[in-house]
Amino acid sequence: MVNSISNAAPTQAIVQPTAVSKTSPTASTTKTSAAPVDTVQISNAAVAALKEAQETPAQTAKEAGAGDVQAKRLLAKEAADEKQ
């Protein structure tokens, strides 16, 4: 529900004056530091899970035909879900 405010006073933006620097632009840029870098290591199990999640149905069927137990289980689960 939206209600309008009828007795609110109008507001004005306050502009703050900015200071003018009298130093040379090269003086402030002499010491620059690189941004910190974070590194992340992903476990082999996480990489394998990601690959399985991105697998196409055709690839799953191919692997199931080759005897992959996990692929067979996934195909059986998908077939059972379709019947419901």
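A short reminder: the numbers here are calculations on the coordinates, not readings from a lab. Treat the numbers as computed from the prediction; the structure is a model and nothing was measured. All Cβ positions, even for glycine, are placed from backbone atoms using ideal geometry, and neighbour counts span all protein chains on display.
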### Query
Across the stretch 70-81, in residue order, what do the Karplus-derived ³J(HN,Hα) couplings come to in whole Hz, using 6.51 cos²θ - 1.76 cosθ + 1.60 with θ = phi - 60° and x for Gly and Pro?
5, 5, 4, 4, 5, 4, 5, 5, 5, 5, 5, 5
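Expressed in nm to one decimal, what extension gain is obtained for the pair Thr56 and Gln41 from 0.36 nm per residue of sequence separation less their Cα-Cα distance?
Working: separation 15, 0.36 × 15 = 5.40 nm, distance 2.58 nm.
Here the answer is 2.8 nm.
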### Query
Rounded to the nearest 0.05, what FRET efficiency do Lys72 and Ala49 have when you use their Cβ-Cβ distance and R0 = 22 Å?
0.80
